[in-house]
Structure formats: structure tokens, C-alpha cells
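Worksheet: the structure to be examined is printed underneath.
The values are calculated or read from the model by the stated rules, or taken from the named source; none is laboratory data. This is a predicted model, so every value here is computed, not measured. Here Cβ is always computed from backbone atoms with ideal geometry, including for glycine, and neighbour counts include all displayed protein chains. We work out accessible area using only protein heavy atoms, side chains counted, and drop any ligands, DNA or RNA first. Shrake-Rupley method; radii C 1.70, N 1.55, O 1.52, S 1.80 Å.
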Amino acid sequence: MMTSPNSTIDVVVEIDHGQVYVYGVAPAPESEARLTALDDAHQTRRFVGVADGLVDVLTPVQWNLDAPMRIEVWETEPPDDDANWDQVVDVDLDVPDGRLYFEASGGWNPLAFEVPSGRYRARVSSRGYTESREGAVGLDSYRFRLWPRAQEAAPQLRKAWPGWDSMI
């Protein structure tokens, strides 16, 4: 088993209205993907929704224009370190052109980062949620771990942040 990623990129992304969209191909302007992914995030209680290739990551942080994000690319599924994170969800994510986009909700310009083209499983991890709900600013952080997938799989909630219950 591989113990470190092939590549790691540390970036800063923008979160607005408690959401950041992640995709390899932008949804069409007339698409309902953003609303469908938001509904999926709430209805499944994963707080990470998917629709038409778009991943919607919900956060209890209403805005953070300097949210640290680590993007890791692995050859195989990475080792479990869920205990170090507040929320962990696995989803499918395709990146056909080698650009992974992060876009804050509310019409922000997407930020693009280079990764190898591929059909991935992505592990979305986040932390600092409790501290952020208690009023701390800028303590939330995020990570996307990508590894190749052979087939499609349903999203999987690996670890849920218990604070979601007080927000619904």
C-alpha cells in the first residue's frame, strides 16, 4: 500500500454562503446541477452533494475567502486518517481535461488547479468546524484526495460532523 501521494498541491479556495463547488467540467449555464447537488447534500445528510459531475461541499462556515485546501493525487486508495477530520465523504469526480475547479457559491469566478486527467474517486475531508461554529475565523481547512477508479460508486459518508444536527 502506498503511504504518500504522487503529488500534493496546497492552495487557497473561496467559500461563500457555506458552500464551495468542485468540478472537472463546468455545468451548463441552464443546468440545475448546483441546486440538485445542494438538495442531495441535505437530503442524504452527507452535507456533500453530487449532481451531473458537480460536487457541492457544504460547510458551517458562511464565508472564508482564504480557506486552505490540499489536493492530493494517489495511485490507489489512500490510507484511512478519518480520525483527524470532522467530516469525510467519498464521491466520484471526473477531471477529463486535467483542471480541477473550485468555485464559491454565489457567482464567484472559479479557481482552476492542474491535476492529471482521469476518472477519480475523491475523498473530501474537512475540519475546524466546531471552532468555526464557536466564532473562530479561519480555522477551517479542507482536503481532496483523488485516486483512479475503475467503475462508478455511490457517494459514501465515512464520518459525519455531529454539529450538523444543531444547524438543521
Residue check: is Pro79 over 16 Å from the mean Cα position of the chain (by Cα) and touching a residue at least 60 places away in the same chain (Cβ under 8 Å)?
-> yes
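For (1) buried (at least 20 other Cβ atoms within 10 Å of the Cβ); (2) in contact (Cβ under 8 Å) with a residue 60 or more places away in the chain; (3) over 11 Å from the mean Cα position of the chain (by Cα); (4) not in a loop (DSSP other than H, G, I, E, B), each residue gets a yes or a no:
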site: Ala28; (1), (2), (3), (4): no, no, yes, no
site: Ser31; (1), (2), (3), (4): no, no, yes, no
site: Val50; (1), (2), (3), (4): yes, yes, no, yes
site: Pro60; (1), (2), (3), (4): yes, yes, yes, no
site: Ile71; (1), (2), (3), (4): yes, yes, no, yes
site: Asp94; (1), (2), (3), (4): no, yes, yes, yes
Which condition number does Asn109 fail, the rest of (1) under 21 Å from Ala33 (Cα atoms); (2) crowded, with 18+ Cβ neighbours inside 10 Å being met?
-> (2)
Of Ser126, Ser105, Ser117, which residue is in contact with a Gly (Cβ under 8 Å, 6 or more places away or on another chain), polar (S, T, N, Q) and within 18 Å of Tyr21 (Cα to Cα)?
-> Ser105
Among the candidates Asp165, Asp86, residue that is acidic (Asp, Glu) and closer than 20 Å to Asp10 by Cα = Asp86
Restricting attention to the range 152-168, which residues are surrounded by 14 or more Cβ atoms within 10 Å (Cβ to Cβ) and outside any strand (DSSP E or B)?
-> Pro155, Ala160, Trp161, Gly163, Trp164
Taking the range 33-46 as the region of interest, how many residues are open to solvent by 40 Å² or more (accessible area, probe 1.4 Å), in a helix (DSSP H, G or I) and not hydrophobic (A, V, I, L, M, F, W, C)?
-> 5
Checking Asn64 against (1) at pLDDT 95 or above; (2) open to solvent by 10 Å² or more (accessible area, probe 1.4 Å); (3) under 22 Å from Ala37 (Cβ atoms), which test does it fail?
-> (1)
Leading residue by the ranking (surrounded by the most Cβ atoms within 10 Å (Cβ to Cβ)) among those in the range 1-13 that are under 14 Å from the mean Cα position of the chain (by Cα) and closer than 20 Å to Val89 by Cβ = Val13
Test result for Ala83, under 23 Å from Thr44 (Cα atoms), part of a loop (DSSP other than H, G, I, E, B), open to solvent by 60 Å² or more (accessible area, probe 1.4 Å) and at pLDDT 95 or above | no
The range 123-151, residues that are among the hydroxyl-bearing types (Ser, Thr, Tyr) and either at pLDDT 80 or above or open to solvent by less than 10 Å² (accessible area, probe 1.4 Å) (or both) | Ser125, Ser126, Tyr129, Thr130, Ser141, Tyr142
